[in-house]
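A short write-up of the structure that comes next.
The values are calculated or read from the model by the stated rules, or taken from the named source; none is laboratory data. Predicted model only: the values in this text are computed from it and were never measured. Quick reminder, even Gly has a Cβ in these numbers, built from the backbone with ideal geometry, and neighbours come from all protein chains shown.
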Amino acid sequence: MSIKRTKQRSFGPRGRDDDEPSSFRTTKAAEAPKTWAELMEGKADTDFLPYALTSRYPKGAFLLHSKFGKGIVTNVEGARIEVLFEDGPKKLGHAAS
């Protein structure tokens, strides 16, 4: 008994020249995300809120965590936030809405 395998097929348009602009392709180059140092530049210690699991934080908020140090909220999803610290991004909890 043998198993037949189908060929990989591309269902994209045929005969298209890659030099042609496509309506699906973006013409802008994606901007590189800013580094932690660039985001912290010029921020005073008073700009940072102390982190607490019972508080709610919006995207862009500056936090001061007791273990990880200074960070900025880069993403908010429900009861979780992603914070960029000097050591890298960390997912933390925050108060539900």
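Among the residues of region 83-97, those identified as part of a strand (DSSP E or B) and either in contact with a Gly (Cβ under 8 Å, 6 or more places away or on another chain) or surrounded by fewer than 16 Cβ atoms within 10 Å (Cβ to Cβ) (or both) are Val83, Leu84, Phe85, Gly88, Pro89, Lys90, Lys91, Gly93. Any chance region 52-62 includes a residue that's of a type in the set (A, V, I, L, M, F, W, C), closer than 15 Å to Leu92 by Cα and surrounded by 14 or more Cβ atoms within 10 Å (Cβ to Cβ)? Within region 52-62 (the criterion being of a type in the set (A, V, I, L, M, F, W, C), closer than 15 Å to Leu92 by Cα and surrounded by 14 or more Cβ atoms within 10 Å (Cβ to Cβ)), the answer is yes, since at least one residue qualifies. Return a yes/no flag: does region 4-14 have any residue that is surrounded by 10 or more Cβ atoms within 10 Å (Cβ to Cβ) and either within 21 Å of the chain's Cα centre (by Cα) or at pLDDT below 85 (or both). Looking through region 4-14, none of the residues is surrounded by 10 or more Cβ atoms within 10 Å (Cβ to Cβ) and either within 21 Å of the chain's Cα centre (by Cα) or at pLDDT below 85 (or both). In region 40-57, the residues that are among the hydroxyl-bearing types (Ser, Thr, Tyr) reach residues that are surrounded by 10 or more Cβ atoms within 10 Å (Cβ to Cβ) and in a loop (DSSP other than H, G, I, E, B) with C-beta atoms within less than 6 angstrom, at least six apart or across chains, in these pairs: Thr54/Ala95; Ser55/Ala95; Tyr57/His94.
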